[in-house]
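Data first, discussion second: the structure below is written as structure tokens.
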Amino acid sequence: MSTYIVVQVVSDCLSIPAKNDFIDWANAAIDNQSLERELTIRIVDEEEGKSLNKDWRQKEYATNILSFPMGDTVNEELNILGDIVICAPVVLREAQEQNKPIQAHWAHLVIHGVLHLQGYDHQNDDEASEMETKEITLLGNFGYANPYETNNVV
């Protein structure tokens with residue numbers, strides 16, 4: 001089967017990875033590769049990020065990523081996972097503040113978001129451990145360091 005991934009870039013920020021990078025990272029994070037899947041990754045600026053965060057989470061700031069899982073299968077032919085919205089200026093700022101390679105931070109957020117679309121969460125220690133372990137493994141497959149270690153500068 002295949003995964004249909006739409007990447008929408010509506011941000012003017014520099015240092016946004018190529019669309020194929022987003023697709024590779026998202027595909028890697030999908031658990032059941034035998035099912036056909038669909039998801040959208042939207043890269044936005046702070047205005048849209050802030051508006052969405054306010055509307056959906058009642059927070060007055062732009063956050064790095066928002067995941068909007070579709071929930072149950074929409075029909076038998078296509079399993080729509082949902083949408084991920086990533087705020088490019090926040091990602092760039094976080095990577096600089098945390099002294100992380102920008103490409104690695106982008107990869108982490110895409111993988112993190114796709115895992116959320118599939119039901120992974122980090123509301124308690126057990127869930128967080130499972131999700132973080134999966135993220136670390138997937139990022140390692142791309143040659144990226146553990147994003148949860150403080151000395152992960154490449």
Query raised in the report: Based on what the data block shows, is Lys134 surrounded by fewer than 21 Cβ atoms within 10 Å (Cβ to Cβ), out of contact with any helix residue (DSSP H, G or I) (no Cβ under 7 Å at 6 or more places or on another chain) and of a type in the set (Lys, Arg)?
Result: no
Query raised in the report: How many residues are farther than 13 Å from Val85 by Cβ, in a strand (DSSP E or B) and not basic (Lys, Arg) if we restrict to region 22-66?
Result: 1
Query raised in the report: Being under 20 Å from Ile5 (Cβ atoms) and of a type in the set (S, T, N, Q), is that true of even one residue in region 93-106?
Result: yes
**Report entry** Pair list, Cβ under 6 Å, 6 or more apart: region 11-27 residue free of Cβ contacts under 8 Å to residues at least 60 places away in the same chain, other residue buried (at least 16 other Cβ atoms within 10 Å of the Cβ)
**Finding:** Lys19/Val7; Ile23/Ile5; Asn27/Thr3
**Report entry** Among (1) loosely packed, with under 14 Cβ neighbours inside 10 Å; (2) more than 17 Å from Thr3 (Cβ to Cβ); (3) in contact (Cβ under 8 Å) with a residue 12 or more places away in the chain, the one test that Gly119 misses
**Finding:** (2)
Query - Test for Asn32: is it at pLDDT below 95 and more than 17 Å from Val91 (Cα to Cα) - result: yes
Query raised in the report: Could we say that Gly71 is under 15 Å from the mean Cα position of the chain (by Cα), at pLDDT below 95, of a type in the set (Gly, Ala, Ser) and over 14 Å from Trp25 (Cβ atoms) here?
Result: no
Requested in this report: Could you tell me whether any residue of region 55-65 is within 23 Å of Phe142 (Cα to Cα) and among the small types (Gly, Ala, Ser)?
Outcome: no
Query raised in the report: For region 1-11, which residues satisfy the criterion of being outside any strand (DSSP E or B), over 12 Å from Ile41 (Cα atoms) and either in contact with a helix residue (DSSP H, G or I) (Cβ under 9 Å, 6 or more places away or on another chain) or basic (Lys, Arg) (or both)?
Result: Ser11
Query raised in the report: Restricting attention to region 101-111, does a residue exist that is crowded, with 18+ Cβ neighbours inside 10 Å and at pLDDT below 95?
Result: no
Requested in this report: Would you please name the residue that is modelled with the highest pLDDT, looking only at residues in region 76-85 that are touching a Leu at 6+ places or on another chain (Cβ under 6 Å) and among the hydrophobic types (A, V, I, L, M, F, W, C)?
Outcome: Val85
**Report entry** Set Leu14, Leu115: member being aliphatic (A, V, I, L, M) and either outside any helix (DSSP H, G or I) or out of contact with any helix residue (DSSP H, G or I) (no Cβ under 7 Å at 6 or more places or on another chain) (or both)
**Finding:** Leu14
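The values are calculated or read from the model by the stated rules, or taken from the named source; none is laboratory data. Nothing here was measured: the structure is a model prediction, and the numbers come from that model. Ideal geometry is used to build each Cβ from the backbone, glycine not excepted, and the neighbour counts take in all protein chains shown.
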